[in-house]
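Working notes for the structure below.
The values are calculated or read from the model by the stated rules, or taken from the named source; none is laboratory data. The structure presented is a predicted model; accordingly, all values stated were derived computationally and were not measured. Positions of Cβ are generated from backbone atoms using ideal geometry, with glycine treated the same way; all protein chains shown enter the neighbour counts. Remember, those area values only see protein heavy atoms, side chains included, never the ligands or the DNA or RNA. Shrake-Rupley method; radii C 1.70, N 1.55, O 1.52, S 1.80 Å.
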Amino acid sequence: MRRTPRPRHSLALCAFTVTLLAAAGCGSDDATTTPTPSQQPPAPQTTAVSTTVVDGPIQNALVCLDKNANDVCDTDEPSGRTNASGNVTIDVPNADVGKYPVIAVVGTDAVDADNGPVTTAFVLRTPADQTATVSPLTTLVQARIDGSGDTSSAAEAYVKAQTGLAGSLFANFSATAATDTDAQRSALVARVVALAMQRQSQALATVVGQTDASGATVTSADVNRQSVSALMSSLPAIGAAVREAVALSDSAQVAALEAAAVDVVDNRSGLTAANAPLLVGAQRVAALGTADGASPDAASGSLRTLAYTDASNWSYRSILATTADGTPDASGNTRSYEQRSRSVGGAIEVWGFSGSPDRANDLHWSGTDWRACPLGTRIVAGPANAAGWRAYDYCNGFAKGLSRAGGVDITGRSQADVLAQIRAFPGDDAGFAFSGWGPADPAVLGADTFPDGSKLLYYSRVDSEFAPAYDARVTNKVYAIDAAVAAGGDARTDPSLACAQILVSTPLDTYRSLATSLESVVAANHGTPCIFNQSTNANGTSLPTQEWWSQSTLNVGTIANALARPDGTGNYYTTTAQVRIGFDATGNGVTWFHCYQRTGDPGARNCFVVGRGEYAIETLGDGRVMRFSNPSALSTRLGYGRVLVEREGAVWYGYQQLPGNSETIRLNLTGANAMLVKLGIPAMTPN
């Protein structure tokens with residue numbers, strides 16, 4: 001066999017390396033060289049981690065592994081800049097791979113391929129185990145993780161449920177939006193979130209460097225995360241706004257998305273430069289976990305709300321726990337209970353659920369049966385996780401979520417000064433505005449100070465799920481309009497129509513009856529108005545047609561100051577919006593309407609279509625519950641989703657509250673009782 005001549009330098013090379021490869025057979029043409037382990041190349045010390053930054057693809061974003069969670073790419077953190085396609089690869093130490101979130105600092109030197117140069121800087125984040133894409137959607141997922149301790153998959157499921165998105169939130173939606181409906185909707189939601197983050201950032205530009213409520217300095221990371229946290233309670237509204245924008249033309253769609261972002265920041269988040277330090281501080285204190293909770297050492301509690309006119313007229317809401325409640329059971333759970341009390345003209349009432357004793361017996365689905373929340377029903381709280389969050393179950397499944405709390409000592413402080421601090425806290429506690437907390441005139445507190453052991457408590461809460469519930473009073477039953485009247489029609493051409501015979505003065509019971517099943521409600525509400533000629537009265541003039549819709553649509557709720565009066569109508573209509581539903585004649589489709597309300601007449605007038613959805617019926621115990629999909633963006637302001645509950649041969653208007661995040665402020669039991677007694681209100685005693 002003829003051999004190929006060996007290059008002349010090979011022998012010299014072999015001689016040079018013999019000391020390193022002594023037994024490698026360098027001098028043999030046929031021998032196989034196998035290095036020993038000590039001769040293997042050193043193992044790489046880093047792993048190349050590639051990611052793509054998108055709203056549209058974002059060029060020149062600074063991407064890094066945020067090891068110290070400060071939302072800044074520090075010099076000792078592996079980082080890189082994205083290219084025109086939004087792609088970047090960073091070399092991450094092997095020990096850090098999958099351990100820390102990846103962030104993208106999108107500055108004003110960045111360019112969004114779909115939306116142009118970035119004019120307001122913002123920061124995007126993604127979970128440590130999902131680094132392939134960094135986007136506004138992954139930022140929401142990471143915010144959920146920060147606020148709950150969820151896994152990335154559980155946090156993704158939560159965000160998807162709240163926004164109505166179907167595709168993966170970790171995918172590069174920008175790459176497939178042109179051909180994939182799910183990706184298109186993801187892209188639109190992401191756009192609203194990005195716009196809202198930028199708008200919120202502009203509003204909070206002066207906050208960094210200020211002192212927060214805990215005494216610490218507000219950082220850019222605090223502002224970034226508070227901004228995203230504020231968005232989390234608006235996810236249903238963002239999802240609904242996108243559903244309404246999908247079918248619009250390009251220019252109209254852009255305008256709709258921008259309007260949705262403005263609505264979220266200006267009307268829903270409640271976050272301003274004035275109150276952001278208070279909220280940042282509240283979260284920081286709550287994370288310390290030093291609040292008076294259920295304790296095995298003594299009875300405890302907190303005062304959540306207090307409305308006060310005088311010693312004979314007041315109301316409050318509190319959480320109380322006995323010593324036994326504070327003793328952990330075998331699972332580490334502790335307990336507490338809600339007590340509400342009010343005095344009207346000196347007559348005191350005490351109850352456990354809802355804002356009024358008239359609603360104390362609302363029923364909800366507990367998972368096994370329909371039950372109320374009588375006074376003394378215990379709230380169960382699990383042991384705290386590493387981040388201080390405790391899972392809670394309020395009133396046998398009515399509400400579930402996570403909470404944590406911290407306290408600040410106010411011993412010796414003026415009650416009037418602390419009251420001013422509470423009243424300055426932004427937002428509300430379950431609809432009770434802190435601005436109205438306690439006596440309007442602090443002078444009634446005199447110069448009294450708080451005794452030893454008094455604390456001001458800060459609570460962070462993440463509500464994850466609510467049960468369907470309903471007001472069980474007879475007055476809350478659903479009525480169905482008689483078929484002939486519900487059929488509606490054009491009374492301008494046929495004044496003999498049944499609906500045309502109904503006047504404001506016509507007794508209701510002459511053309512309606514109690515619904516006996518969910519099907520009877522569907523049959524009576526097909527969304528067919530009764531149409532009359534234009535009308536003029538002392539308040540103004542109606543639209544060209546005056547339409548009555550109450551007789552053929554289902555009431556979802558009313559929202560004050562939500563509609564502009566139509567041009568040329570004067571005050572014929574109010575600015576209150578009625579949200580209503582009409583059922584398809586066949587199938588389970590529904591149409592969502594917004595309706596005007598005539599001044600002096602609560603009936604629905606001149607409704608217009610805002611979306612389409614479906615209804616679904618589920619059997620729960622001895623009842624049946626009807627839920628509706630795709631509510632309008634406006635309807636999310638109600639704070640609940642409308643449900644109908646059929647039980648015992650009747651149908652009730654029901655509700656299912658919407659999940660969200662909240663920061664609240666309270667007095668602990670010692671501080672609360674000091675103020676209550678000063679105001680002439682009996683002290684609270686856990687029992």
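Quick rundown of the values:
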quantity	calculated
Filter result for the condition that a residue is modelled with pLDDT of 95 or more, of a type in the set (A, V, I, L, M, F, W, C), under 28 Å from the mean Cα position of the chain (by Cα) and in a loop (DSSP other than H, G, I, E, B), over A472, A447	A472
Hey, G613 within 30 Å of G270 (Cβ to Cβ), small (G, A, S) and either under 23 Å from the mean Cα position of the chain (by Cα) or modelled with pLDDT under 95 (or both) or not	yes
Wholly enclosed strands (runs of 3 or more DSSP E) of the range 282-397 bearing at least 3 residues open to solvent by less than 50 Å² (accessible area, probe 1.4 Å)	300-310, 313-321, 334-344, 363-365, 378-381, 390-394
Residue in the range 635-658 that is nearest to F593 (Cα to Cα), counting only those that are at pLDDT below 95 and touching a helix residue (DSSP H, G or I) at 6+ places or on another chain (Cβ under 7 Å)	T636
Residue ID - nearest to S251 (Cα to Cα), chosen from residues in the range 113-129 that are open to solvent by 10 Å² or more (accessible area, probe 1.4 Å) and assigned to a strand (DSSP E or B)	G116
Condition met for N70 (polar (S, T, N, Q) and within 23 Å of L231 (Cβ to Cβ))	yes
Filtered residue count, the range 489-516, keeping only those that are under 39 Å from the mean Cα position of the chain (by Cα) and part of a loop (DSSP other than H, G, I, E, B)	2
Subset of the range 189-215 (residues that are touching a residue at least 24 places away in the same chain (Cβ under 8 Å), hydrophobic (A, V, I, L, M, F, W, C) and in a loop (DSSP other than H, G, I, E, B))	L204, A205, V207, A213
For A564: the one exception among (1) surrounded by 15 or more Cβ atoms within 10 Å (Cβ to Cβ); (2) more than 26 Å from G489 (Cβ to Cβ)	(1)
Residues of the range 222-256 that turn out to be surrounded by fewer than 19 Cβ atoms within 10 Å (Cβ to Cβ), over 18 Å from T636 (Cβ atoms) and either within 11 Å of the chain's Cα centre (by Cα) or hydrophobic (A, V, I, L, M, F, W, C) (or both), as a count	5
Residue list for the range 113-144, restricted to those being among the small types (G, A, S) and touching a residue at least 12 places away in the same chain (Cβ under 8 Å)	A113, A121, A128, A132, S135, A143
All positions within the range 189-203 that are more than 18 Å from the chain's Cα centre (by Cα) and over 14 Å from V123 (Cα atoms)	A203
Subset tally (residues that are of a type in the set (S, T, Y) and in contact with a Ser or Thr (Cβ under 7 Å, 6 or more places away or on another chain)) for the range 670-687	1
Residues of the range 612-654 satisfying the condition of being buried (at least 22 other Cβ atoms within 10 Å of the Cβ) and hydroxyl-bearing (S, T, Y)	S632, S635, T636
Some residue of the range 509-520 being open to solvent by 30 Å² or more (accessible area, probe 1.4 Å) and closer than 15 Å to G603 by Cβ	yes
Selection count, the range 434-458, where residues are within 24 Å of A384 (Cα to Cα) and surrounded by fewer than 23 Cβ atoms within 10 Å (Cβ to Cβ)	1
Subset of the range 577-608 [in contact with a Ser or Thr (Cβ under 6 Å, 6 or more places away or on another chain), free of Cβ contacts under 8 Å to residues at least 40 places away in the same chain and surrounded by fewer than 22 Cβ atoms within 10 Å (Cβ to Cβ)]	Q597
Residue in the range 169-180 that is of a type in the set (F, W, Y) and in a helix (DSSP H, G or I) present	yes
Scope the range 130-165; condition under 18 Å from P659 (Cα atoms), open to solvent by 10 Å² or more (accessible area, probe 1.4 Å) and hydrophobic (A, V, I, L, M, F, W, C); matching residues	A143, I145, A154, A157, A161, L165
Residue within the range 666-675 that is open to solvent by less than 20 Å² (accessible area, probe 1.4 Å), closer than 30 Å to L320 by Cβ, touching a residue at least 24 places away in the same chain (Cβ under 8 Å) and of a type in the set (K, R) present	yes
Those residues of the range 70-92 which are in contact (Cβ under 8 Å) with a residue 12 or more places away in the chain, open to solvent by 50 Å² or more (accessible area, probe 1.4 Å) and either closer than 23 Å to L169 by Cα or of a type outside the set (D, E, K, R) (or both), in sequence order	V72, S79, R81, N83, A84, S85, N87, T89
In the range 428-444, the residues that are under 19 Å from A230 (Cβ atoms) and not in a loop (DSSP other than H, G, I, E, B)	D428, D429, A433, F434, S435
Some residue of the range 612-623 being farther than 22 Å from N525 by Cα and among the charged types (D, E, K, R)	yes
Flag for G489 being modelled with pLDDT of 95 or more, open to solvent by less than 30 Å² (accessible area, probe 1.4 Å) and over 29 Å from G589 (Cα atoms)	no
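Condition check ((1) aromatic (F, W, Y); (2) farther than 29 Å from G397 by Cβ) across all residues:
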position: Y596; (1), (2): yes, yes
position: G613; (1), (2): no, no
position: V625; (1), (2): no, no
position: S629; (1), (2): no, no
position: S632; (1), (2): no, no
position: L638; (1), (2): no, no
position: R642; (1), (2): no, no
position: Y655; (1), (2): yes, no
